[in-house]
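Here's the structure we're looking at; comments come further down.
FYI, it's all coordinate maths here, none of it is from the lab. Just so it is clear, the model here is predicted, and its values are computed rather than measured. Every residue, glycine as well, gets a Cβ built from its backbone with ideal geometry; the counts of neighbours run over all protein chains shown.
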């Protein structure tokens, strides 16, 4: 049975270009506004990422230092750019969805909208695990007395370490979207469930390799990313089996 397409009138090439231009313009304005908000709130945002280093080896003190007079300004500018992108991300996603919607079937629209909701949930979960669970464990692990003698102090660079926390959170969030992307491809029959399952051993190895690349050089952080990703991978396969996604035709 044929799948019904959007009954609206087909758009011309010029209409598509106009729609793309409008989407880019809206995204750009949203990004500029988000950057302005981020700059105003930069002190509070930066304090969130420095908080993980205010207690190292059980001693509460200011442990982050600046090694050049321009470092504070550069860190604030980088944070403004990155935070602006994160804050305005929902607008960018909405613009992309709005642009591609006319070319999707009714079923494909439902799939995209459903998985957008799950994407938000995984973003929140990935951020929570990275900031509140994995990063504190990694900091405690890497600064414990077995690696750093008690007679040795810490002189942690301000810019390097706050962007270490930020980049780790961003990579964790992106990594947590991978099972969802696989589920979407299964739902659209781009991937076949049996083929994905047969490749499980290679995918699991790939998950651990990815975790080793995006995390600090300690097994605590790597397991903190790899184990949840492995769980979500098999959960995605289970959901695909329940809803018969990726069935062989």
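Figures for the structure shown
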item: Separation in nanometres of the label points that stand 7 Å from Cα toward Cβ, at residue 100 and residue 127; result: 2.3 nm
item: Nearest-0.05 FRET efficiency for residue 202 and residue 160, computed from C-beta distance (R0 45 Å); result: 0.85
item: Simple spin-label estimate for residue 220 and residue 51 in nanometres, 7 Å along Cα-Cβ; result: 1.9 nm
item: Chain lengthening between residue 117 and residue 152 when straightened (0.36 nm per residue, less Cα-Cα); result: 7.8 nm
item: Two-site label geometry, residue 142 and residue 235: point separation in nm, points 7 Å out along Cα→Cβ; result: 2.7 nm
item: Calculated FRET value between residue 69 and residue 32, using beta carbons and R₀ = 30 Å, to 0.05; result: 0.60
item: Convex hull of Cα atoms in region 185-249, direction-averaged projection (nm²); result: 4.4 nm²
item: Pairs of Cα atoms farther than 21 Å apart, region 13-176, %; result: 60 percent
